[in-house]
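Throughout, read-outs are computed from the coordinates displayed, never taken from laboratory work. In this text, all values refer to a predicted model and were calculated from it rather than measured experimentally. Reconstructed Cβ throughout: ideal geometry from the backbone, glycine too, with neighbour counts over all protein chains shown.
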């Protein structure tokens, strides 16, 4: 029973991070209809921004905010310098559908090969700001530490923030309008290009949080070839897809589901299934509900 | 577009084969080995061109499918390597051509399964599913003892037959096998693309709905494309394994899938004509970069990462400026020119 609760808590925490990653993918998808495969690379870069910031500031949380700003700027830059140009140039032909996928994969590669040039290939360390030692109940120690609690709370906070922005503000309305129909939004006076850049920036900031939290949730070490980040790429994407790609809530449900499934598989089945488990979850969901858990029928536009 | 007759094509391929044969006797050993790698890339890139350029699907998992091919070939091939390492041999000991066939069949089988899933998915969904496969499959191979775990398996194609004489080195022998296999594969692929199925795929790529209205079974067409493409990837995997001499999870990582996709885009996904371009770039750029870096004296990390940076930058520039590839670009330009003259 105790083991079960521990697994649940571990799954919940990593699920929260996956959810954040999924959220950043959904934010880009909703604003430009592009799946940003470079997102995990951007998150990795932002984590290094955070590492760099920690040289100048003492507080991890301050560094997190600096990394968020850095991640947002990086994302905005990518949108303006690459995606905008590409979407204008490559509008037709057999490659039009796959061009965004290929371009973001190229960006991922570029980020992955640039980072070691700046920070080297070896591990760097980011000390978690809170204790990673679990709370204890009586004699037993839970697998839930102050750090993990902070992670779950931060994710909840960010989710509330984005839901509010999307549902209650003019910016949110413009974001939704430009995703739904760029031409109509333009006619209604929305500056679609700027709004799209904003969507990317939001997504970049969210991804940065996911990246840094991933680092401090683990051992605190960060390297360009980190396995966790390749897993983050896959998990974030899978979580977004099983959530339906359109919905913020769906992304969160997808992330949590994935986190729980991988935690339980790891604990009760076999650690050899760790990488293949997300894939199986994805296949099962896509076969049962091709539009995702919260996706609408016919809403699958690629 | 003017199409060459079959006879002319056969003659062209034979001439090409002879030229390659002569070249392999002129250049040094190292180039010959690079040629083998290029041949493996050509088959792999062709499999992407078939899938993406012709049937409009995308796969980020073809590196893993190459792995399926490579492992299959190693499992049914010569077991001398396994005995050398004291591993448990599978007891199968098929001749080389049959190991290639086995590689094709195994990868095509997995590809058919994937294709069934792929036919239901589009664009980003398919990309993500195959991406997950690309990451998942190598790690599965890692877990099985019979697949050699982290170390992998040996795949030894063997020495050249003594009948060929003294001058034939190991690397030349490998290269000839790879080159001949590649020529046959490309010739076959060209035939398929010129067949009814090629036209069906083009129709599906153009518009699912229109193809369906024209009486095409879209799902079946997509599954067939995926299966054939996976089979080609399997063959590429066997060639790849032959080049390295082993198969291991680390040889078939996500990066390989990316390389294939990059090569396909650089070659131009809509036509087989440029299939060499991408393969040569993939092999040449690391070497050029290394020689430049050696001269400039940059640090090791720069030297290690610069090639993939340059290749990725090329990839993005190609997607933006010549999305249909250099060959198609030139062809459409010359066609415009002709139109102006008439």
Seminar exercise, completed: Two pseudo-spin positions, 7 Å from Cα along C-beta at residue A:135 and at residue A:88, lie apart in nanometres by 5.3
For this session: Would you mind computing, in nm to one decimal, how far apart the modelled labels at residue B:146 and residue B:98 are, each placed 7 Å from Cα along Cα→Cβ?
Result: 1.9
Problem set entry | Residues A:56, B:71 arranged by fewest to most Cβ contacts within 10 Å | A:56, B:71
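Shielding of B:309-322 by partners, i.e. mean partner chain Cβ atoms within 10 Å per residue?
6
Take each of the peptides B:8-18, B:45-55, B:198-208, average the number of other beta-carbon atoms within 10 Å over its residues, and list them starting from the highest.
Numbers: B:8-18: 12.5, B:45-55: 28.7, B:198-208: 18.4.
Packing proxy ranking, top to bottom: B:45-55, B:198-208, B:8-18.
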Exercise. With contacts defined as alpha carbon pairs under 8 Å and 6 or more residues apart, what's the relative contact order of the stretch B:256-342 in percent?
Worked result: 40
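Taking the number of other C-beta atoms within 10 Å as the exposure measure, put A:264, A:49, A:37 in order starting with the fewest. Provide the component values of the computation, followed by the final result.
On the way: A:264 16, A:49 23, A:37 27.
Ascending Cβ contact count within 10 Å gives the list A:264, A:49, A:37.
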Problem set entry | Cα centroid of the stretch A:213-258 to Cα centroid of the stretch A:1-50, whole Å | 3
Exercise. Taking neighbour Cβ counts within 10 Å as the exposure measure, how do B:22, B:277 sort from fewest upward?
Worked result: B:22, B:277
Exercise. In degrees between 0 and 90, to the nearest 10, how far off the longest principal axis of chain A does helix A:146-168 point, with axes built from Cα atoms?
Worked result: 20
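Would you mind classifying the protein assembly as shown by shape? Square roots of the alpha carbon gyration tensor eigenvalues, ordered a ≥ b ≥ c; an a/c under 1.5 is rounded, otherwise it is prolate if a/b is larger than b/c and oblate if not.
Prolate, since a/c reaches 1.5 and a/b exceeds b/c.
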For this session: Quick one: check the C-alpha center-to-center distance for the stretch A:69-122 versus the stretch B:283-342, whole angstrom.
Result: 16
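Quote the FRET efficiency, to the nearest 0.05, computed for residue A:153 versus residue B:13 with a Förster distance R0 of 56 Å and r equal to the Cβ-Cβ distance. Walk me through the numbers before you get to the answer.
Numbers: r = 66 Å, r/R0 = 1.17.
Computed FRET efficiency for residue A:153 and residue B:13: 0.30.
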Problem set entry | Pairwise label distance in nanometres, residue B:180 with residue A:1, each label 7 Å out on the Cα-Cβ vector | 7.1
Problem set entry | C-alpha long axis of helix A:2-32 to longest principal axis of chain A, angle in ° | 20
Exercise. Which value at 222 nm does chain A reach when only helices count, each DSSP H run of 4 or more adding -39,500 (n - 2.57), with the total divided by all residues and rounded to the nearest 500 deg cm²/dmol?
Worked result: -22500 deg cm²/dmol
Exercise. Given a Förster radius of 22 Å and the C-beta distance between residue B:199 and residue B:335 as r, what FRET efficiency does 1/(1 + (r/R0)^6) yield to the nearest 0.05?
Worked result: 0.65
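Rounded, prolate or oblate: pick one for chain B, where a ≥ b ≥ c are the square roots of the eigenvalues of its C-alpha gyration tensor, a/c under 1.5 means rounded, and failing that, prolate if a/b is larger than b/c, else oblate. Before the final figure, lay out each step's value.
Values: a/c = 1.41, a/b = 1.25, b/c = 1.14.
Verdict is rounded for chain B.
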For this session: Quick one: angle between helix A:39-53 and the longest Cα principal axis of chain A, in degrees between 0 and 90, rounded to 10, please.
Result: 60
Exercise. Other chains' Cβ within 10 Å of A:107-115 residues: what's the mean?
Worked result: 6
For this session: Arrange the peptides B:282-289, A:195-202, A:62-69, A:40-47 so that the one whose residues have, on average, the most other Cβ atoms within 10 Å appears first.
Result: A:40-47, A:195-202, A:62-69, B:282-289
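What FRET efficiency comes out for the pair residue A:264/residue A:61, r = Cβ-Cβ distance, R0 = 35 Å, nearest 0.05?
Working: r = 31 Å, r/R0 = 0.90.
Rounded to the nearest 0.05, the efficiency is 0.65.
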